[in-house]
Each structure stands twice: as C-alpha cells, then as structure tokens.
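Since the structure comes first, as structure tokens, the remarks are kept for the end.
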Amino acid sequence: MSDAEAKGSSERAADAVLSRRALLKGLAGAAGLAVVPGGLLAACGGSKSKAASGGATTSASSTAAASGSASSSGSTGKAVHLTCGYWDPNMNGPSQQIAAAFQKANPDISVEMQQTPPAEYWTKLQTAVSAGGGPDIISMNGPNYQLYASNGMLAPLDEYISKDHVDLSPFSQGLRDVYKYKNAYYAMPFNFSTIGLWYNKQLFDDAGVKYPDENWTWDDLKAAAQKLTNKSKGVYGIPATSDPAYMPQEEYYNTIYQAGGYIISPDGTKSGFDDPKTIEGLKFWTDLQAMGVSPSYQQMLDTNPSAMFISGKVAMFYGGPWRAPQWAKANLSHVDVTQLPKGTSQSRTCIHGTAFAINAHSKHKDEAWEVIKSFTSKDGEEAWGATGILIPAYQGTQDVWLKSLPQYNLKAYIDELQTALPYPVSKNTAVWQKDAESILSQAWAGKVDITTAAKQLAAKMNDDLAKEK
Amino acid sequence: MVLGLGLFYLWPVVRTAYFSFTKWGAFGGSTWIGLGNYRSLFHDHEVLQALRNTAIYTLIVLLAVPIAMVVAAMLNQRGLRGVSVYRVFYFLPVVTIPAAVAIVWRLLYNGDYGIINYLLSLVGIKGPYWLSSPTFALVAISIVGIWMVLGQQIIIFLAGLQAIPQELHEAAAIDGAGPARRFMSVTVPLLTPSIFFVTVLSVIGTFQMFDLMYVMIDPNNPAIAQTRTIVYLFYERGFIDNDRGYAAAIAFLLFGIIMLLTLVQFRLQKRWVHYV
C-alpha cells in the first residue's frame with residue numbers, strides 16, 4: 001500500500017497492526033458497499049466516496065479509500081480508477097477489451113466500464129448525479145444533453161480541446177451542434193445512428209416478392225407487406241413498432257421526416273405534432289395496423305418485435321445499427337438491410353449520436369479527459385468501429401465498421417447520412433418524450449384516433465416547452 | 001438498536017416529511033412551498049385512480065385469506081401423508097424473489113405463447129392479452145399477489161389451528177356435526193385472531209405493492225392508468241419525473257391511509273374476533 005511505503009520504518013510495526021484492523025474494516029465496508037447499489041447510496045443523502053460514484057468496485061483502491069487513508073489520486077505510481085457508465089448491452093464485451101487496451105497504453109489510468117440497462121440508465125444517472133456521485137465518464141445522448149449541461153452536471157471541455165489541439169472537424173456539423181451548449185462543448189461526439197429497413201430474404205422468397213432497395217416508396221412497402229402477411233402461418237409483413245421502448249427513433253421520427261413534418265420547431269418553443277404533415281408520418285403506422293399487416297400492439301407488448309423478427313414471424317423491421325450485432329449473434333444470415341422507403345420529402349431518416357462527457361463531480365477530470373480523448377480519436381474510433389457494435393462518428397473510420405459484419409449491407413446506414421435530419425431535443429426533452437409515449441400508446445393500441453392523439457400531444461408538449469423557460 | 005432504528009427508520013421518515021413540503025429541481029435543490037403539494041394531491045385524478053386501483057388489488061388479494069384457511073385446515077388433518085412436502089410447496093412462493101416471480105408470471109401471461117392462454121384454448125376459450133388489457137391487467141397481477149402471499153398465511157393459520165383444542169372438534173363430532181359444520185362453527189370462530197392478524201398484514205402489504213407492477217407493466221402499456229398502484233405512481237413522480245417533493249407527499253398520503261385502515265380494523269375487531 002502506498003501509505004505504508006511513505007512512512008518511516010520505525011512506524012511500520014505499529015502500522016502493520018493498525019492497518020490490518022483498518023483493512024478488515026475497509027473490507028467489511030467495501031463488502032457492505034458492494035451490496036448496496038450505488039444509486040441507493042446516493043439517494044440516501046450523498047456519500048461522496050468513490051464507491052458511490054457508480055456502484056460496487058472491487059479494486060484495491062476502494063479498500064484503501066474505505067480504510068480511511070487519503071484517496072489514491074495524489075500518490076504517484078498508483079493507477080487512478082475511473083468509472084464509465086453506458087447503457088448499450090452490445091458494448092459489454094468490446095468495452096472491456098478497449099478499456100483493457102487503454103490501460104495497457106496508460107498504466108496509471110484504469111477504466112471500469114459499467115453497464116446499466118437502457119430502461120434504468122437515465123433514472124439511475126440522475127439520482128446518482130443529484131447526490132454528487134455518478135460515474136466519472138458519462139455516456140450522453142441528445143435528449144438529455146441540455147438538461148445535464150445547463151444544470152452544471154457536465155465539465156466543460158473547451159480548455160481540454162484547445163490545450164491538446166483536438167480537431168473537431170472530422171465530426172459532422174450536425175453532431176457537433178447537438179453537443180454544444182451556449183457555444184461551449186460539454187461532450188465529445190462518439191457514434192451516430194440512422195435507421196435502416198431490415199428484411200428477411202427467406203420470407204420474401206417464399207412469398208415471391210422482390211427484395212427492397214433504396215428506391216422503395218411507402219406504397220412499395222405497404223404492397224409488399226400485404227403479400228408477405230400470411231396469418232395462417234402467423235407471419236406478418238412488418239411490425240408497427242420495432243420496440244415499444246425505442247419507437248420514436250426507430251419508427252415514427254423517420255416517417256415524420258419522410259412526410260415533411262417536424263417534431264419541434266428550430267427555436268425549441270413549438271411542438272410539431274399537430275402539423276398535418278407530421279400526422280401523415282404518424283398515420284403510416286396506424287395504417288399498417290388497419291391493413292392487418294402488423295401484429296396487434298398488445299401482441300407486440302407481450303412479445304418483443306425483435307424476437308418476432310429473429311424467429312421469422314415478421315418479414316421487415318425498421319432498425320438502427322445496433323440491430324446488426326444483435327442479428328449476427330442470433331446467426332441470422334438470411335436477413336439484410338437497405339435504406340428506408342421514401343416518403344414525400346427528401347429526408348429519409350432521423351440521425352442521432354451518443355457522446356462522452358465528464359461528470360462535473362468527478363475527482364479525476366484530467367484522467368477522464370485522457371480516456372475520452374482516446375475513445376474519440378481516429379484510432380480509438382476505428383477500434384470501436386471494428387467491433388461492429390456502433391458507427392463511429394469520426395469521418396473516415398466508418399469503413400472499419402462496414403467490414404466488421406460484411407454479411408450485411410451496412411452501407412445503407414451511411415448512405416442515408418446526406419439527407420438525415422437531427423434527433424429532436426429541447427432543454428428537458430425527457431418530459432415531453434414521456435408524454436408522447438403515454439399519449440401515442442393509446443393511438444397505437446387503437447383506443448384513440450391518431451389525429452386526436454397527435455393534437456392532444458401537441459397541446460401537452462407546448463405546455464412542457466413553455467415550462468422550460 | 002436505537003441507532004439503527006433512528007438511522008434507518010426515523011431519519012428517513014422525518015426527511016420525507018420535510019421533502020413533502022418542498023418542490024424539487026431536476027438535480028436536487030428544493031424550495032419550500034408549504035402545503036402546495038398536498039393541495040395538488042387532492043385535485044390530482046391520477047392519484048385518485050391509483051388509489052382506486054390499489055384498493056381493488058387489496059380486495060382481490062384478501063381472497064387469499066379464505067383460501068389459506070381452507071388449505072391450512074386440510075393440511076392440519078392428523079395422519080396426512082407428506083404434510084411437510086405440501087408445506088414446502090405452499091411456502092416456496094413466499095421465499096422467492098418478487099422480481100423473479102414477476103418475470104416468470106409475465107411469460108405465463110403472454111398472450112400468444114403463454115401457458116395460461118394455451119390451457120384456456122384447450123377448453124375453447126381465447127384468452128385475452130392479460131397484461132395489456134385495461135380490464136384484466138389488474139386482475140392478472142392480483143392473482144400473482146395471491147399466489148405469493150398464500151404460503152405465509154397458511155403457516156400462520158396452521159399455528160392458529162394448533163391452538164384449537166382437539167376436544168372441541170370431538171365434542172362437535174359427537175353432537176353430529178359434519179366436517180363442514182365443524183369448520184364453520186368450531187374452527188373459524190376460534191381462528192379469528194389469526195384471521196385478524198393476517199388481514200391487517202395483508203392490507204398493509206398490498207397497499208404498498210410495487211415490484212410486481214414494475215416488472216410486469218411497461219410505461220408504454222395502454223392499460224397503465226387502470227393498473228397503476230399508488231406506490232408505482234410515487235416511483236414515477238419521484239424518480240422518473242424527478243418531482244421528489246410531490247412523491248414525498250404521496251408517500252405521506254399513503255402512510256395516512258394505511259394508518260387509518262389499520263385503526264379501523266383494530267376498532268372493529270371487538271365485534272368479530274374471539275380471543276380464547
């Protein structure tokens with residue numbers, strides 16, 4: 001232990017006895033802390049110890065902290081332990097490898113990658129950060145960025161960027177704009193996603209329908225879906241939702257843009273849900289339900305549509321790039337992807353991307369910056385892209401991702417970039433997104449007409465936006 | 001002991017009471033607003049609906065009490081073979097983690113592939129999509145609630161049954177009472193202390209049900225308004241909407257309601273509970 005090294009030899013004997021007791025206490029403390037989730041601890045009133053900043057850690061540095069000695073950050077030759085929070089389960093294996101590689105190159109910084117399931121990630125993060133904890137490095141996305149940045153929960157990065165001469169031009173303007181707040185950067189863009197149309201070649205062959213391509217229109221899709229639906233076999237053309245939890249990005253944001261509508265006005269004050277073109281975009285999905293080419297909403301709540309796609313119960317599937325490793329893991333060799341079918345407008349899809357930010361409460365911001373800089377550098381992005389789990393945002397590194405899963409036409413995702421429109425966000429996106437979820441679910445379930453629901457949502461969303469000021 | 005009690009019970013109660021008079025920002029930082037939360041509480045129709053849902057859930061799960069009584073009486077027969085095996089099976093649900101129970105039952109209730117609908121189809125009934133149906137979702141969850149709590153109540157009733165002197169049963173039998181008559185006139189009246197105990201605990205527990213709902217019902221479920229219990233609403237307001245002050249007020253409202261119900265039950269016990 002570093003403290004023992006620092007003391008004189010005459011004190012070491014006494015120290016040995018003392019530090020054993022302290023070590024036992026520390027072990028008990030760490031074991032106790034290991035049992036209580038980090039979020040609960042934070043909620044109980046803000047313990048600022050490192051263990052609270054992201055759940056149980058079993059490294060030696062945590063026992064050192066618990067046994068009352070000073071935190072290990074100051075001592076030389078001792079690895080600084082950072083935590084990095086993320087939600088995508090696809091990242092689990094690859095993130096361990098990349099973190100290990102980073103530690104090899106930077107022996108005094110160790111990064112622990114911590115996954116929280118997507119449904120709980122934001123709740124847990126907000127609770128932890130409110131109490132002064134949370135991981136050192138935070139995976140951030142568009143809807144939540146402004147909330148965290150405007151409340152001072154993220155460390156500003158401009159100084160680091162200029163000090164290390166980091167060039168931001170390889171990241172698309174759209175992504176850079178998302179992660180600026182009041183003209184300063186609080187996060188580094190990391191990956192991006194567009195949405196593609198996945199299709200089951202086997203089912204298409206069985207029904208004698210030509211495979212979709214980038215020239216397909218809405219009508220082409222609807223016609224094909226009808227030919228592909230075979231209720232006696234329990235096969236449907238396309239589910240009216242890819243995943244009830246991801247619906248906006250994977251489903252209706254795309255069709256809203258394709259119909260020429262919008263979700264939020266550029267100045268962030270007005271909802272676009274009552275715009276007639278937006279409603280056209282939403283009706284795309286209720287029309288599919290009405291045509292009978294999709295399983296019912298209740299069926300899709302009980303059985304996840306991605307499971308239906310994997311087991312060949314639906315022939316088409318609107319999916320993001322994170323679906324590719326999912327299908328590959330399930331050994332789906334008879335599926336492929338193309339661009340989404342066109343609507344009346346130029347734009348095909350909604351683009352979104354996640355970023356890495358530094359927790360304003362982190363005690364090791366400099367080290368955290370090193371990690372982020374590495375992950376978002378050209379080499380770092382290539383390493384991530386090669387794992388196939390995400391599309392790196394760094395211009396010129398996407399080829400690596402394309403080669404990672406050569407059995408799929410992943411190029412479709414990149415081709416859509418030119419006409420992609422940004423993911424709609426506001427200062428407190430989560431509030432109206434939740435309203436959208438609960439109000440529109442009544443329409444998807446067929447209880448309320450979609451036009452009525454959309455207008456109701458627009459009114460509520462305008463209320464929420466007004467409260468943001 | 002006092003330190004533990006104070007730290008883990010009293011201090012959070014006091015803090016929650018304090019929070020219920022405040023309004024919170026997204027990342028903490030509260031401002032005092034007095035009774036504002038409570039005023040909105042009484043006008044909030046979602047709170048009313050959640051209370052209604054919780055009351056329905058409580059009433060349905062109270063059906064476990066007569067079931068547990070009958071099962072306990074059956075288990076109490078002298079010379080029943082394999083009594084300990086039956087007891088283990090009935091008690092297993094009690095020691096199973098509620099989240100695990102909810103996950104498995106969620107699969108059982110699956111509209112297309114669940115066993116329950118399959119069994120119904122064998123007798124020609126097309127089962128509904130249980131967990132997304134506004135009419136059936138609450139009933140479906142209540143059935144799981146009954147399943148979970150049955151074993152505990154059976155054990156308590158078994159203990160209560162041991163306290164009934166055998167001579168009373170024999171005297172009744174000599175007087176010509178059949179098993180059913182004996183059950184109604186000898187067993188049940190002398191079991192009323194246990195029934196009272198079980199009922200009070202059941203009401204207190206079911207009013208706080210959250211974990212089953214959280215696992216079985218997603219936020220985009222169209223039936224959520226008709227199924228949401230008051231503690232689930234508390235979680236939504238406190239941790240998803242980050243309105244901790246309002247959530248604290250809901251918690252205190254719940255505390256008041258449960259205390260009231262318990263007091264009422266204690267008052268009423270004089271009328272129907274026979275203490276030997």
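None of the figures in this text is laboratory data; all of them are computed from the coordinates on show. A quick note: this is a predicted structure, and the numbers were derived from the prediction, not measured. In this analysis, Cβ positions are derived from the backbone assuming ideal geometry, glycine residues included, and neighbour counts consider all displayed protein chains.
Name the one entry in B:L41, B:L10, B:L5, B:L92 that is aliphatic (A, V, I, L, M), surrounded by 17 or more Cβ atoms within 10 Å (Cβ to Cβ) and in a helix (DSSP H, G or I). Every option except B:L41 fails the conditions. Does the range A:99-137 hold any residues that are within 13 Å of chain B (Cβ to nearest Cβ) and of a type in the set (A, V, I, L, M), and which are they? Scanning the range A:99-137 gives A:A119, A:L125, A:A128, A:V129, A:A131.
Scanning the range A:417-435 for residues that are of a type outside the set (V, I, T), in a helix (DSSP H, G or I) and away from every other protein chain (no Cβ under 14 Å) gives A:L417, A:Q418. Considering the conditions (1) in a helix (DSSP H, G or I); (2) more than 30 Å from A:I256 (Cβ to Cβ), A:Q407 is excluded by exactly one of them, (1).
Remark: pairs (first residue in the range A:145-159, within 14 Å of another protein chain (Cβ to nearest Cβ) and touching a residue at least 60 places away in the same chain (Cβ under 8 Å); second residue assigned to a helix (DSSP H, G or I) and of a type in the set (S, T, Y); Cβ separation under 9 Å; 6+ apart in sequence or on different chains) = A:Y145/A:T429; A:Q146/A:T429; A:L147/A:T429; A:M153/A:S130; A:L154/A:Y145; A:L154/A:Y148.
The helices (runs of 4 or more DSSP H) found wholly in the range A:133-208 and carrying at least 1 residues that are aromatic (F, W, Y) and under 23 Å from A:P321 (Cα atoms) occupy A:142-150, A:201-207. For the range B:22-38, taking the residues that are within 14 Å of chain A (Cβ to nearest Cβ) and more than 14 Å from B:R237 (Cβ to Cβ), the one that is surrounded by the fewest Cβ atoms within 10 Å (Cβ to Cβ) is identified as B:G29.
Selection of the range A:74-117 for residues being outside any helix (DSSP H, G or I) and under 15 Å from the mean Cα position of the chain (by Cα) yields A:C84, A:G85, A:Y86, A:W87, A:D88, A:M113, A:Q114, A:Q115, A:T116, A:P117. The residue list A:V293, A:V335, A:V314 contains one member that is within 14 Å of chain B (Cβ to nearest Cβ) and either small (G, A, S) or surrounded by 24 or more Cβ atoms within 10 Å (Cβ to Cβ) (or both), which is A:V314. Taking the range B:44-64 as the range and being surrounded by fewer than 19 Cβ atoms within 10 Å (Cβ to Cβ), assigned to a helix (DSSP H, G or I) and touching a residue at least 40 places away in the same chain (Cβ under 8 Å) as the test, the residues that pass are B:E46, B:Q49, B:L51, B:I56, B:I60, B:L62. Within the bounds of the range B:74-85, is there any residue that is surrounded by 15 or more Cβ atoms within 10 Å (Cβ to Cβ) and over 25 Å from B:I155 (Cβ atoms)? Looking for residues that are surrounded by 15 or more Cβ atoms within 10 Å (Cβ to Cβ) and over 25 Å from B:I155 (Cβ atoms), one finds none in the range B:74-85, hence no. Every test in (1) more than 29 Å from B:F239 (Cβ to Cβ); (2) in contact with a Cys (Cβ under 9 Å, 6 or more places away or on another chain) is passed by A:A105 save one, and that test is (2). Could you tell me whether B:I143 is within 14 Å of chain A (Cβ to nearest Cβ) and either under 19 Å from B:L92 (Cβ atoms) or among the acidic types (D, E) (or both)? Spelling it out, it is not the case that B:I143 is within 14 Å of chain A (Cβ to nearest Cβ) and either under 19 Å from B:L92 (Cβ atoms) or among the acidic types (D, E) (or both). Only one entry in A:L457, A:L405 is surrounded by fewer than 22 Cβ atoms within 10 Å (Cβ to Cβ) and of a type in the set (A, V, I, L, M, F, W, C), namely A:L405. All told, B:M209 meets the bar of being more than 13 Å from chain A (Cβ to nearest Cβ) and either surrounded by fewer than 18 Cβ atoms within 10 Å (Cβ to Cβ) or not in a helix (DSSP H, G or I) (or both). Figure legend. Inter-residue proximity from the range A:436-452: first residues more than 9 Å from chain B (Cβ to nearest Cβ) and under 13 Å from B:A225 (Cα atoms), second residues of a type outside the set (K, R) and surrounded by 17 or more Cβ atoms within 10 Å (Cβ to Cβ), beta-carbon distance below 6 Å, spacing 6+ or different chains. Indicated pairs: A:I439/A:A453; A:I439/A:Q456; A:I439/A:L457.
Scanning the range B:102-123 for residues that are away from every other protein chain (no Cβ under 12 Å), without any contact (Cβ under 8 Å) to a residue 60 or more places away in the chain and out of contact with any Leu (no Cβ under 7 Å at 6 or more places or on another chain) turns up B:V104, B:Y118, B:L119, B:L120, B:S121, B:L122, B:V123. Across the range B:1-21, the qualifying residues are those that are of a type in the set (S, T, Y) and within 14 Å of another protein chain (Cβ to nearest Cβ), and the one among them that is farthest from B:D243 (Cα to Cα) is B:Y9.
If you go through the range A:317-329 and keep only what is among the hydrophobic types (A, V, I, L, M, F, W, C) and surrounded by fewer than 20 Cβ atoms within 10 Å (Cβ to Cβ), you end up with A:W322, A:A328.
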